1. May I ask you to list the residues in region 291-330 that are of a type outside the set (K, R), more than 34 Å from the chain's Cα centre (by Cα) and closer than 20 Å to Q384 by Cα?
2. In this structure, is T340 within 30 Å of H124 (Cα to Cα), over 27 Å from the mean Cα position of the chain (by Cα), among the β-branched types (V, I, T) and not assigned by TED's automatic domain parsing to the domain that holds D217?
3. Only one residue in G50, G108, G117 is modelled with pLDDT of 80 or more and touching a helix residue (DSSP H, G or I) at 6+ places or on another chain (Cβ under 7 Å), so which one is that?
4. Restricting to region 105-155, and then to whatever is among the acidic types (D, E) and surrounded by 20 or more Cβ atoms within 10 Å (Cβ to Cβ), can you tell me which residue is nearest to G191 (Cα to Cα)?
5. If a residue must be in a loop (DSSP other than H, G, I, E, B), assigned by TED's automatic domain parsing to the domain that holds K139 and under 16 Å from A265 (Cβ atoms), how many such residues does region 151-169 contain?
6. Find the residue count for region 289-319, including only residues that are farther than 18 Å from T214 by Cβ and free of Cβ contacts under 8 Å to residues at least 40 places away in the same chain.
7. Take the residues in region 224-241 that are surrounded by fewer than 24 Cβ atoms within 10 Å (Cβ to Cβ) and closer than 16 Å to N122 by Cβ; name whichever of them is nearest to the chain's Cα centre (by Cα).
8. Examine region 228-235 for a residue that is out of contact with any Ser or Thr (no Cβ under 8 Å at 6 or more places or on another chain) and either at pLDDT 95 or above or part of a strand (DSSP E or B) (or both), and state whether such a residue exists.
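The values are calculated or read from the model by the stated rules, or taken from the named source; none is laboratory data. Note that this is a predicted model, so its numbers are computed, not measured. Here Cβ is always computed from backbone atoms with ideal geometry, including for glycine, and neighbour counts include all displayed protein chains.
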Amino acid sequence: MKLRPVVLVLLILCGFYYLSTRWFATGALAGLMHRQIPLQNASTTTNLSGPLGDFSLTEAQAAPAYDAEEQQNIAVYKRALPSVVNITSTEVVCCDFFLRPVPQQGQGSGFIVDNQGHILTNNHVIDNAQTVEVTLYNKKKYKATVIGIDRVHDLALLQIHGAPNLQPATLSNSTDLVVGQLVYAIGNPFGFSGTMTRGIISAIRSVQLPNGNTIEDAIQTDASVNPGNSGGPLLNSHGDVIGITTMIASNPNGGADQSAGIGFAIPISTAKAVLEDFMRYGRARRPSLDIVTLPIGPDEAQQIGLPADYGILIERVLPGGAAQQAGLRGGNQLAYKGNTQVMLGGDLIVGIDGHAITTPQDLSNALNTHHAGDTVVLTIYRGQQRMNVKVTLSDAKQIIDGQQA
């Protein structure tokens, strides 16, 4: 009789073990017992036999549904792709052994801006080219004519004729961009047409082009861009163009030019201003103050002893330029910011036409609303004295030494 409770306990334990390993693991309560989350759709097994033996393949019955992030990626690509083009430029750069000219081809990207076949790209994509060919997303090719270039901003306007049903890109603005914002790049990297990559805006900063000119408020991104992406659109999450991919950061250790997670794009607001010049004057006439500047923040203002803790300090006034003709003054005291020489003692710009100027981006945005020949009112500090000065903006093409403002 004493063995009966022991046997009963053993039977209960065995029954529980059987149910938990067999029925609970696969039955209706499996989800409750193991909290399993299905990772894939229903599948079927296909058995195959052949000279190499028997195979059993597990195949999904249907493609999985796209999640919200994937749906957004797909929507951006479908919307933007028809407006993106590949650009092939041909130039004669050398001669062969028999002194015959040898053509060399370069590749880049661009995007359609209207139904008349105008295409925006980088100037360096088509610079010195004898012929330019555009390939649309449907693989059709057209000869292109270069109708406008702006070397200062590394922009070029092309046109193709006879292409039906063109789909222009939607141009946004770049005045309110935020670091961390999602961006997409579509282009022709290494000749692989229709390639899209994704990243974020890493920073907004001024960068120097290889030709010595400066892109104000360039959009820095970690979206992968490579040779061939130049001239292609940088897009926001709606598929609207916010910038023009133009270059990647150089590898300080040498080697091939390829993505290192630091690419730059020309802000689309700058490009739209240049486009307006092309349409209005037939060439770029970007307005300029003809000054070299130094951004000022609270720390710099305190160290230098300035009357305002923000603004743009004029380091140098270019000879014969708009600022010199208006009587603005550059610096006269040599100093160092880190290892960089700067000139202090010049006028401090704090406003233009009644609007505060706190950063180079503010100044760039203000100038982009004007044309060469317009007169603006600068609010400046000269020493401790606050004053207003009228300046007639000059044409950026007159700027020397690759400097502009």
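1. Answer for region 291-330, where residues must be of a type outside the set (K, R), more than 34 Å from the chain's Cα centre (by Cα) and closer than 20 Å to Q384 by Cα: Q302, Q303, I304, G305, L306, P307, A326, G327, L328.
2. Answer is yes for this residue.
3. G108
4. D154
5. Final tally of qualifying residues: 2.
6. Residues in region 289-319 being farther than 18 Å from T214 by Cβ and free of Cβ contacts under 8 Å to residues at least 40 places away in the same chain: 9 in total.
7. Among them, the one singled out is N226.
8. Our first condition is that a residue be out of contact with any Ser or Thr (no Cβ under 8 Å at 6 or more places or on another chain); within region 228-235, this holds for 235.
From what's left, either at pLDDT 95 or above or part of a strand (DSSP E or B) (or both): 235.
Looking through region 228-235, at least one residue is out of contact with any Ser or Thr (no Cβ under 8 Å at 6 or more places or on another chain) and either at pLDDT 95 or above or part of a strand (DSSP E or B) (or both).
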